[in-house]
């Protein structure tokens with residue numbers, strides 16, 4: 001077993017703080033999971049639908065805010 005495999009028993013102050021905070025308020029982890037799912041867990045992309053959407057786009061004119069009277 002190498003020196004990096006040995007457990008020193010050291011726990012940083014920040015790790016202790018997080019452990020205490022999660023122990024006092026167990027809803028924190030549930031909130032973290034909800035936030036992660038909102039940001040990262042997405043439905044798979046339908047490539048056919050995306051292709052049809054891109055093909056049906058109408059090109060925008062160069063000066064969209066200028067009236068052509």
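Computed from the coordinates by the stated procedures, all read-outs in this text should not be read as laboratory data. Treat the numbers as computed from the prediction; the structure is a model and nothing was measured. Reconstructed Cβ throughout: ideal geometry from the backbone, glycine too, with neighbour counts over all protein chains shown.
Find, to one decimal place in angstroms, the Kirkwood hydrodynamic radius of the chain, where the mean of 1/r is taken over every pair of different Cα atoms and then inverted.
Values: mean 1/r = 0.0534 Å⁻¹.
After inverting the pairwise mean of 1/r, the radius is 18.7 Å.
Could you order the peptides 50-59, 19-28 from most to least packed, using the average number of other C-beta atoms within 10 Å per residue? If you can, show how the numbers build up before the last one.
Numbers: 50-59: 7.9, 19-28: 10.1.
Sorting 50-59, 19-28 by mean packing, highest first, produces 19-28, 50-59.
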